[in-house]
Amino acid sequence: EGVNINESLDPSIEGDGYQNLERFYAKLHKLEKDKTGTVRIGYFGDSMNDGDFIVQDIRSEFQENYGGRGVGFVAISSLSALSRGSISHQYSKNWTVQSFLKVKKPTRPFGVDGQVFFAKDPNQTYWVKYRAQSQKYSTDLNSPVLFYGRSHNEHAYISVKANRDSVLNKSLTPNNLLNTLSLTSHDVKSLQVDFHKTDSIPIYGFNFDDGKGVHVDNFSMRGNSGLPLSILNPALMNAFDKVLNYDLIILQYGANVLGYGSLNYSWYEKSMTTVVANLRQCFPNADILIISTADKASKIDQTMQTDPAVVPLANAQRNYARKTGCGYISLYTLMGGNGSMVKWVDEYKMANKDYTHFNMAGSRKIAKLLYGEINKGYAKYKTK
């Protein structure tokens, strides 16, 4: 891979690991200095990032400091649509969804978020509706673009209703592995898109961004351990990358790996090494940042305390970050280490009673802490 793997290198970005994010920091520096270019981050996570938790606040921090507007890429449907505050998202219930959590071999390759959608029945109407909300810098649906895949279908079209404007019909030309269609020439507050006769066309989702500054896409999925990322298709991802230009891929996993009842995570370390190799093929210009599992508490001897699996898992995550030349942040250490989740729940009231997930206030605080760590690495990069 051409990555210089130094086994003794400290992968944490406040240590030596910031060197593993040099391409990302260089792009950020160019943006800061010349106000030119864009920076894009793909944030892959699990239920910790459901409803855009943590990610929405990291996005706002970046956009506050470097410019950029819009929530980025949004799928056709999402289990967390109702709990997402950074965009209002509704959709008809008849969509066929294939997700890399449930399906190994999709009929068409998964999109950048690990999902592919089909409006299969030509006699039914399939629709999606998005409305901008009050999250800072995402108060519009900026330059909406539809992403869809290849098919021999020549009859498909969509109806687009932006704000209260009249409905526009646009035909789909599914000639390439990935196709994009710009929906409006201006930013809008609300958007409804109806899909007609699109039966065999893979539909991937929409992107909302103003083409400037920093954009952060949230690709979170409940129940994800990170392992399914190994089956993302490099050819299709390269096509997404040509349009979206990823500079940093963030992986925040752990909650769904802790429950396996094992304290030996060498299997996870090995599997995630394969995942990183695939992501490097998918997004060749992006650096990769691993965020470890958070603390999680379980009842042991009648008291809530740090689950014995947390530290071994965080260490395995640190190991695979080091072996693959990725940056690393220990979220476990950052939130206070041993026993910290109990404090976040009982004292700070910043996490839920499952002693695993942060609430809204906690997510905002975690976002600030993570952003602070990324910034420490950036400060180190600049002194060099």
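The values are calculated or read from the model by the stated rules, or taken from the named source; none is laboratory data. Fair warning: this is a prediction, and the values are worked out from it, not measured in the lab. Positions of Cβ are generated from backbone atoms using ideal geometry, with glycine treated the same way; all protein chains shown enter the neighbour counts. Note: accessible area is taken over every heavy atom of the protein model, side chains too, but ligands, DNA and RNA are not part of it. Shrake-Rupley method; radii C 1.70, N 1.55, O 1.52, S 1.80 Å.
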Distances over 15 Å make up what percent of all Cα-Cα pairs in region 5-108? 74
Rounded to the nearest 5, the percent of DSSP beta bridges in region 225-384 running antiparallel is 40
At 1.4 Å probe size, with every protein chain present, just tell me what the per residue accessible area of region 3-158 comes to in Å². 43
Could you work out how far helix 360-383 tilts from the main Cα principal axis of the chain, as a 0 to 90 degree angle to the nearest 10? 80
Take the Cα radius of gyration of region 200-275 and divide it by 2.2 N^0.38 Å, with N its residue count; two decimals is plenty. 1.36
Kindly report the accessible area of region 308-347 per residue (heavy atoms of protein chains, probe 1.4 Å, no ligands, DNA or RNA), in Å². 33
Per residue of the chain, what 222 nm ellipticity follows from adding -39500 (n - 2.57) for every DSSP H run with n ≥ 4, rounded to the nearest 500? -8500 deg cm²/dmol
Counting other Cβ atoms within 10 Å, keep those with at most 14, restrict to DSSP loop, and tell me which trypsin sites (Lys or Arg not before Pro) in region 143-208 are left. ARG164, LYS189
If packing is taken as the average number of other Cβ atoms within 10 Å across a peptide's residues, how do 59-67, 86-94 rank, most packed first? 59-67, 86-94
Taking region 93-177, the equivalent ellipsoid from its C-alpha gyration tensor has semi-axes in Å, biggest first, of 25, 19, 13
With no solvent and one point on each alpha carbon, what is the Debye value of log10 I(q)/I(0) for the chain at q = 0.08, 0.10, 0.13 Å⁻¹? -0.40, -0.64, -1.07
Percent of beta bridges antiparallel (DSSP, the chain, rounded to nearest 5): 65
Once both axes come from the Cα atoms, what is the angle between helix 266-282 and the longest principal axis of the chain, in degrees from 0 to 90, rounded to 10? 40
Need one number: convex hull volume per residue for region 245-384, Cα atoms only, in Å³. 119
Surrounding charge for THR36, neighbours by C-beta under 13 angstrom, Lys/Arg +1, Asp/Glu -1, total +3
Quick one: Cα centre-to-centre distance for region 68-111 and region 325-367, in angstrom? 26
To the nearest Å², the heavy-atom accessible area per residue of region 165-261 with 1.4 Å probe amounts to 36
Any idea which of ALA239, GLY211, TYR253 is furthest toward the positive side of the dipole for region 193-287, if Lys and Arg beta-carbons carry +1 and Asp and Glu beta-carbons -1? TYR253
Carbon and sulfur: what percent of the chain's accessible surface (1.4 Å probe)? 49
Of ILE329, GLY372, SER266, whose Cα points farthest to the positive end of the dipole of region 255-384 (charges on the beta-carbon: +1 Lys, Arg; -1 Asp, Glu; origin at the Cα centre)? GLY372
With everything on Cα atoms, drop me the angle between helix 310-324 and the longest principal axis of the chain, reported from 0 to 90° to the nearest 10. 70
